[in-house]
1. Where the centroid of each part is defined by its Cα atoms, how far is the range 108-124 from the range 27-56 in Å?
2. Arrange the peptides 140-150, 82-92 so that the one whose residues have, on average, the most other Cβ atoms within 10 Å appears first.
3. Run the helix sum for the chain: -39,500 (n - 2.57) per DSSP H stretch of 4+ residues, divided by residue count, reported at 222 nm to the nearest 500 deg cm²/dmol.
4. Once Rg and Dmax of the Cα atoms in Å is worked out from the coordinates, which option in [x] 20.0, 67; [y] 15.5, 46; [z] 18.9, 61 does it equal?
5. For the range 1-44, state what percent of all Cα-Cα pairs lands in each successive 5 Å bin, counting from 0 Å until the bin that includes the largest distance.
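Every read-out reported here was derived from the displayed coordinates using simple, explicitly stated rules and does not represent laboratory data. Treat the numbers as computed from the prediction; the structure is a model and nothing was measured. Cβ atoms come from the backbone with ideal geometry, glycine included; neighbour counts cover every protein chain shown.
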């Protein structure tokens, strides 16, 4: 990624965090990097494309952190528990960092969902593979296991709405293992 493109994304993220998506203009972004608005069009078609790239970058970083953490466990069951607990912790951190989304959450959610598709697929694939390695599912049809993996991922993703729209920490550190047990009991 070029230095200019990186600067645009970095400054845009800062401005979105400070002023919100709706109140940040392309002119604001251009001024923040010492350029004119038309210079941004060399890299992006508009503010929505800038935001979409930020979402893709964040989703990739989120997934890389989550996948690395999962790999630190030895057993499938431990990996799944670590997945649930780490995913919730990462979501809570992102919700705090992107507090500007609260007012514009439902407007921006389609952009977020569209630009997280690849990492969502990777996440569901990884959970499917983990479940396929779990002794209970030996010989089980992969489509059944895939459905369970998708339900697990989607259930956890469902917490994002409340986390991003409110300032509430839904699951404190002490309660994460309990939440993980409740969630995984039906699957394991």
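1. Answer, in whole Å: 21.
2. 82-92, 140-150
3. Calculated mean residue ellipticity at 222 nm is -24500 deg cm²/dmol.
4. Step by step, Rg and Dmax of the Cα atoms in Å for this structure corresponds to label [z].
5. The percentages, shortest bin first, are 5, 26, 36, 24, 8, 1.
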